[in-house]
Amino acid sequence: MSEQTERAYDKVLAYIREEIRKGNLRRGERLPPERDLADLLGISRNSVREALRTMSMMGFISSVHGAGNFVTCDLEKNLSESLRLMLMLGETNFLQVSQLRRGLEAETARLAASRILPSQLAQLEALVQQMREEPDPLKASRYDQEFHRLLCEAAGNRLIRAMFSAMLTTVNAFISTMYTRIVSEEGPRRMLHDAHQEVVDALRERDEGAAIRAIWHHFDIVNAAIEQEEQA
């Protein structure tokens, strides 16, 4: 980003923040046209366009061809892009991502213990059974990912859900690879599936502590596999 574009970006972002603070802009509402923003903020229209393009890439706004730019504040997209860049730059790694997931999902499981609906609990139970019975590791890994997505949904915390989805989108292929490696041996496969069942059992009993311990058990298995892979 050039210095000129960066200054334009700061001006456009400051304008949006102020309009939101005043109540003049809300999520889903359209921003003024580029020409109007350029005149209002005293910057060139090209600079406004570049600033808006940057904001769109970061998930702050969405651009609809022929309709304009709209406030979205897509936290999931913003986090996903940031995490992807951090991985590419070597600023973090898959083990650290998994450790973060462990912390988030422990709280997720705690919240879900008091909030989960009977229909969601039944779905989790079915997903565990599908994981056990599915001979194709790739398909089984999708059941695993759906299990954690549904668990996150049951917690009812929008911010946790956004962070979880961002991580899952970024490391989806890696998760599938690690799942396949874990279930390639009978012992680790049974332990992993049992850990998922422990989560379900804890949620059925509305036991927050047991739910947290089950998540820790699950990620002990996953993180051990990641560490083994990194040392290979």
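The values are calculated or read from the model by the stated rules, or taken from the named source; none is laboratory data. Only a predicted model underlies this, so the values are computations on that prediction, with no experimental measurement involved. No Cβ is skipped: glycine too gets one built from the backbone with ideal geometry, and neighbour counts run over all protein chains shown. All accessible areas refer to the heavy atoms of the entire protein, side chains included, with ligands and DNA or RNA removed. Shrake-Rupley method; radii C 1.70, N 1.55, O 1.52, S 1.80 Å.
Please tell me if VAL183 is in contact with a Phe, Trp or Tyr (Cβ under 9 Å, 6 or more places away or on another chain), modelled with pLDDT under 95, β-branched (Val, Ile, Thr) and open to solvent by less than 80 Å² (accessible area, probe 1.4 Å). Lay out the reasoning, then the answer.
On the way: in contact with a Phe, Trp or Tyr (Cβ under 9 Å, 6 or more places away or on another chain): no; modelled with pLDDT under 95: yes; β-branched (Val, Ile, Thr): yes; open to solvent by less than 80 Å² (accessible area, probe 1.4 Å): yes.
Taking the combined requirement at face value, the residue does not satisfy it.
Quickly run through the stretch 83-104 and pick out the residues that are without any contact (Cβ under 8 Å) to a residue 24 or more places away in the chain and within 17 Å of SER165 (Cα to Cα).
LEU85, MET86, GLN96, GLY103 - these are the residues of the stretch 83-104 that are without any contact (Cβ under 8 Å) to a residue 24 or more places away in the chain and within 17 Å of SER165 (Cα to Cα).
So which of ARG27, ARG35, ARG7, ARG21 ends up being open to solvent by 50 Å² or more (accessible area, probe 1.4 Å), outside any helix (DSSP H, G or I) and either of a type outside the set (Val, Ile, Thr) or farther than 30 Å from HIS218 by Cβ (or both)?
Values: ARG35 fails: outside any helix (DSSP H, G or I); ARG7 fails: outside any helix (DSSP H, G or I); ARG21 fails: outside any helix (DSSP H, G or I).
Going through ARG27, ARG35, ARG7, ARG21 in turn, the sole match is ARG27.
Where in the stretch 121-225 are there helices (runs of 4 or more DSSP H), lying wholly inside it, with at least 2 residues that are of a type outside the set (Phe, Trp, Tyr) and closer than 30 Å to GLY59 by Cβ?
Working: elements: 137-155, 158-182, 186-204.
Fully inside the stretch 121-225 and qualifying: 137-155, 158-182.
Could you please let me know if GLU91 is part of a loop (DSSP other than H, G, I, E, B), at pLDDT 90 or above and charged (D, E, K, R)?
On the way: part of a loop (DSSP other than H, G, I, E, B): yes; at pLDDT 90 or above: yes; charged (D, E, K, R): yes.
Here the answer is yes, as GLU91 does meet what is asked.
Among GLN96, GLN120, which is buried (at least 16 other Cβ atoms within 10 Å of the Cβ) and within 25 Å of HIS217 (Cα to Cα)? It would help to see each step written out before you state the result.
Numbers: GLN96 fails: buried (at least 16 other Cβ atoms within 10 Å of the Cβ).
Within the list GLN96, GLN120, the selection yields GLN120.
Residues of the stretch 153-173 being open to solvent by 50 Å² or more (accessible area, probe 1.4 Å) and over 20 Å from LEU117 (Cα atoms), which ones?
Within the stretch 153-173, MET163, THR169, ASN172, ALA173 meet the criteria.
Which of the residues spanning the stretch 64-98 are under 14 Å from the mean Cα position of the chain (by Cα) and not hydrophobic (A, V, I, L, M, F, W, C)?
Selection gives ASP74, GLU76, LYS77, ASN78, SER80, GLU81, SER82, ARG84, SER98.
Here is a check on your reading of the model: is ASN223 closer than 21 Å to PRO137 by Cα, within 25 Å of the chain's Cα centre (by Cα) and modelled with pLDDT under 90? It would help to see each step written out before you state the result.
Numbers: closer than 21 Å to PRO137 by Cα: yes; within 25 Å of the chain's Cα centre (by Cα): yes; modelled with pLDDT under 90: no.
Criteria not met by ASN223.
In this structure, is GLN130 polar (S, T, N, Q) and open to solvent by 30 Å² or more (accessible area, probe 1.4 Å)? Talk me through it step by step, then tell me what you get.
Working: polar (S, T, N, Q): yes; open to solvent by 30 Å² or more (accessible area, probe 1.4 Å): yes.
Yes; evaluated as a whole, the condition is true for this residue.
Is there any pair linking a residue in the stretch 209-231 that is open to solvent by 80 Å² or more (accessible area, probe 1.4 Å) to one that is not in a helix (DSSP H, G or I), with Cβ under 8 Å and at least six apart or on different chains, and which?
Pairs that qualify, where the first residue is open to solvent by 80 Å² or more (accessible area, probe 1.4 Å) and the partner is not in a helix (DSSP H, G or I), are GLU230/ASN93.
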